Amino acid sequence: GLTTRNLPDESSSGQDRRQGLLQAGVMLQGRYQILDTLGVGGFSSVYRARDMHFPTVTRLCAVKEMVHMNRDPKVQELATYSFEREASILATLDHPAVPDVYDYFTEEDRGYLILEYIHGSDLEAYMSENNALIPAETVVDWALQLCDVLEYLHKHKKCVVNQREVHA
């Protein structure tokens, strides 16, 4: 089965990651160069990064960083187990609205998922850019796309609908 690799901090900027977001230019595993922040939530942040394993082309990926806040060793062990389980389940998904998982690893108190980068904007950005009501046909189309991916996830052999980000 898959296991999480525990790696030392390889931040080229020397930044203590416990103090905040990864900065542009930081390298993870000597491979994934952080370009900018895409979003921040309660327990995770998502970054746009370049996979430097392909030096002659620009291969973008999304890096989801999940912070394990609790210092209790048993809670840390459970968090690592949950992270590995999530990565393993996500790696089995094959749907156009679900990003592919390329890699995962842990560094100190953080878990990282390396995901397919999906170009586009989120609903909030769409709304602020368009300053108008969304046409009913568009809303219905988006709803149908969401229903399609939710049906796929519900039929998948392991439950993955809990806290998943869906891109339609």
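Miscellaneous remarks
- Residue within the stretch 51-58 that is open to solvent by less than 30 Å² (accessible area, probe 1.4 Å) and either of a type in the set (S, T, N, Q) or modelled with pLDDT under 95 (or both) present: no
- Residue count, the stretch 1-24 (criterion: open to solvent by 30 Å² or more (accessible area, probe 1.4 Å) and at pLDDT 80 or above): 3
- When residues of the stretch 89-116 are limited to those that are assigned to a loop (DSSP other than H, G, I, E, B), of a type outside the set (G, A, S) and open to solvent by less than 80 Å² (accessible area, probe 1.4 Å), the one farthest from L28 (Cα to Cα): H95
- Residue that is among the acidic types (D, E) and modelled with pLDDT under 85, where the choices are D100, D141, D109, D94: D109
- Whether a residue is open to solvent by 60 Å² or more (accessible area, probe 1.4 Å) and of a type in the set (D, E, K, R) was assessed, and D141 passes this test.
- Residue tally, condition over 17 Å from the mean Cα position of the chain (by Cα) and not acidic (D, E), over the stretch 43-80: 15
- Test: residue in the stretch 31-38 that is of a type outside the set (A, V, I, L, M) and open to solvent by 80 Å² or more (accessible area, probe 1.4 Å): no
- Flag for H119 being under 20 Å from Q33 (Cβ atoms), under 14 Å from the mean Cα position of the chain (by Cα) and not in a strand (DSSP E or B): yes
- Filter result (more than 14 Å from D103 (Cα to Cα), of a type in the set (V, I, T) and touching a residue at least 40 places away in the same chain (Cβ under 8 Å)) within the stretch 33-88: V67, T80
- Hits in the stretch 41-62 (condition: over 14 Å from G30 (Cα atoms) and part of a strand (DSSP E or B)): S44, S45, V46, Y47, R48, L60, C61, A62
The values are calculated or read from the model by the stated rules, or taken from the named source; none is laboratory data. Everything numeric in this text was worked out from a predicted model, so none of it was measured. Please note: Cβ atoms are built from the backbone with ideal geometry, for glycine as well, and neighbour counts cover all protein chains shown. Calculation scope for accessible area: heavy atoms of the full protein, side chains included, ligands and nucleic acids excluded. Shrake-Rupley method; radii C 1.70, N 1.55, O 1.52, S 1.80 Å.
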